[in-house]
1. At q = 0.17, 0.20, 0.21 Å⁻¹, what is the log10 ratio I(q)/I(0) for the chain, with the Debye formula run over Cα points and no solvent?
2. Provide the gained length on full extension for the span Ala110 to Ile58, in nm with one decimal, where the gain is 0.36 nm per separating residue minus the Cα-Cα distance.
3. Averaged per residue, what accessible area in Å² does the chain show with a 1.4 Å probe, protein chains only?
4. Given Cα pairs under 8 Å that are at least 6 residues apart, what percent is the relative contact order of the range 1-92?
5. Compute the Rg to Rh ratio over the range 25-66 from the alpha carbon atoms, using the Kirkwood formula for Rh, and round to two decimal places.
6. Let me have the 222 nm mean residue ellipticity of the chain computed from DSSP H runs of 4+ only, each contributing -39500 (n - 2.57), with the sum over all residues rounded to the nearest 500.
7. With a 1.4 Å probe and all protein chains kept in place, how do Asp91, Asp69 rank by accessible area, largest first?
8. Going through the range 15-100, which trypsin sites (Lys or Arg not before Pro) have at most 14 other Cβ atoms within 10 Å and a DSSP loop state?
Amino acid sequence: RETVGTGSSVLIGGFSVDGTAPKRLLIRGAGPSLTALNVSGALPTPHLQLYNNSQAIIRENYSWGLGNDVALVSSAEASTGAFAFAKGSADSAILIVLPPGTYTVEVSGASGATGEALVEVYEVP
């Protein structure tokens, strides 16, 4: 969790997929849902971007309910133990299968928004 600012003051996380087989991952950028967890100053509109090791954007999301199958994301949240995002919230999520390698996740504020955000990466069973 970190305060997300503008420009280069974004939240960046890195992770690797080990082994020889691809893995199904749930990657999340929480902002609005943090308010229910008593986090003040939550980022209202997190923009989540996933990069490969060549710094090319693989996928991005502005709102977890758009561009995703909501039922699949909700199921992945439940199976990993992640807290559920509220229906219709502006929190961001990417449900994806990735091959072994290194990746970077970046959370910024849409339209220059700032605030507290959390980036999470879960392996989905």
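1. Per q value, in the given order, log10 I(q)/I(0) is -0.81, -1.11, -1.21.
2. On the way: separation 52, 0.36 × 52 = 18.72 nm, distance 1.82 nm.
Additional length available on full extension: 16.9 nm.
3. Details: 6100 Å² over 125 residues.
Accessible surface, normalised per residue, equals 49 Å².
4. Working: 101 pairs, mean separation 25.0, N = 92.
With pairs under 8 Å counted, the relative contact order is 27 percent.
5. Numbers: Rg = 12.3 Å, Rh = 11.6 Å.
Expressed as Rg/Rh, it is 1.06.
6. On the way: 1 runs with 11 residues, N = 125.
When only DSSP H runs of four or more count, the value is -2500 deg cm²/dmol.
7. Numbers: Asp91 0, Asp69 85 Å².
The most accessible residue leads, giving Asp69, Asp91.
8. On the way: sites: Lys23, Arg24, Arg28, Arg59, Lys87; in loops: Lys87.
Those satisfying the criteria are Lys87.
The values are calculated or read from the model by the stated rules, or taken from the named source; none is laboratory data. Note that the coordinates shown come from a computational prediction; the quantities given were computed from them, not determined experimentally. Neighbour counts run over all protein chains shown; Cβ positions are idealised from the backbone, glycine included. Keep in mind that these areas ignore ligands, DNA and RNA; they rest on the heavy atoms of the full protein, side chains included. Shrake-Rupley method; radii C 1.70, N 1.55, O 1.52, S 1.80 Å.
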